[in-house]
Amino acid sequence: MERPDGGSKLEAHRDAVRARCGSGAPGAGAAVTGGPRADGEIPIERFERAGPQVIPPESLVREAFLFFEWRTVTKTATVSLFSNHYEVDSALVGRRVELVFDPFDLEHIEVRYMDTSFGTAVPQKIGRHSHPMARPVRDTGPTTGIDYLALVESQHRAELGKQIAATRYAELTTNEEEQ
């Protein structure tokens with residue numbers, strides 16, 4: 001569909017994105033494509049100027065991949081998460097707490113309230129052991145124990161050996177000897 005000024009919807013969308021990214025000129029795609037910005041600075045130069053990159057500790061990386069859910073603690077100091085029941089600190093009764101957990105292990109759940117850890121919830125009834133959306137890595141099936149590549153290689157070597165054994169090297173002449 002054409003715009004009244006002759007442009008397409010796609011161009012109108014790109015112009016809108018450029019305007020939000022700081023490049024208001026239609027057709028100036030530097031801010032979107034990763035080239036030099038209006039001030040002439042190349043992104044890699046800005047990245048390198050920040051100094052050496054620090055690798056975060058393993059615990060922080062693990063924390064980034066944990067799931068969390070919000071639940072209200074019952075008057076019996078318990079919370080429910082995916083049909084599982086856990087006992088928490090009685091000081092949290094009636095409070096909305098954050099439950100932090102590994103999606104593949106619902107038996108170990110950390111309880112937090114106002115960014116303060118209140119320890120691990122004690123499982124009372126566990127029916128589900130992983131998050132409903134967590135899909136385990138698919139097993140490729142049982143291994144047969146047969147190394148097919150080694151079988152093909154040994155067959156190839158045997159055929160090559162027969163060809164070499166059948167060759168009569170004494171009868172072979174080079175082009176220099178024939179001339």
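The values are calculated or read from the model by the stated rules, or taken from the named source; none is laboratory data. No experiment lies behind these values; they were computed from the predicted model shown. Note: ideal-geometry Cβ built from the backbone for every residue, glycine included; neighbour counts use all protein chains shown.
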Positions within region 61-120 being closer than 23 Å to PRO132 by Cα and among the acidic types (Asp, Glu), in sequence order: GLU63, GLU69, GLU87, GLU98, ASP102, ASP105, GLU107, GLU110
Of the criteria (1) among the aromatic types (Phe, Trp, Tyr); (2) surrounded by 16 or more Cβ atoms within 10 Å (Cβ to Cβ); (3) in contact with an Asp or Glu (Cβ under 8 Å, 6 or more places away or on another chain), which one PHE68 fails: (2)
Pair list, Cβ < 7 Å and 6+ apart or interchain, from region 56-70 residues that are in the same structural domain as THR120 (by TED's automatic domain parsing) to residues that are surrounded by 10 or more Cβ atoms within 10 Å (Cβ to Cβ) and assigned to a loop (DSSP other than H, G, I, E, B): PHE67/PRO103; PHE67/HIS131
Looking only at region 89-132, and only at residues there that are hydroxyl-bearing (Ser, Thr, Tyr) and more than 24 Å from the chain's Cα centre (by Cα), the one that is surrounded by the fewest Cβ atoms within 10 Å (Cβ to Cβ): THR116
Extreme residue, modelled with the lowest pLDDT, among residues of region 115-158 that are over 29 Å from THR76 (Cα atoms) and acidic (Asp, Glu): ASP139
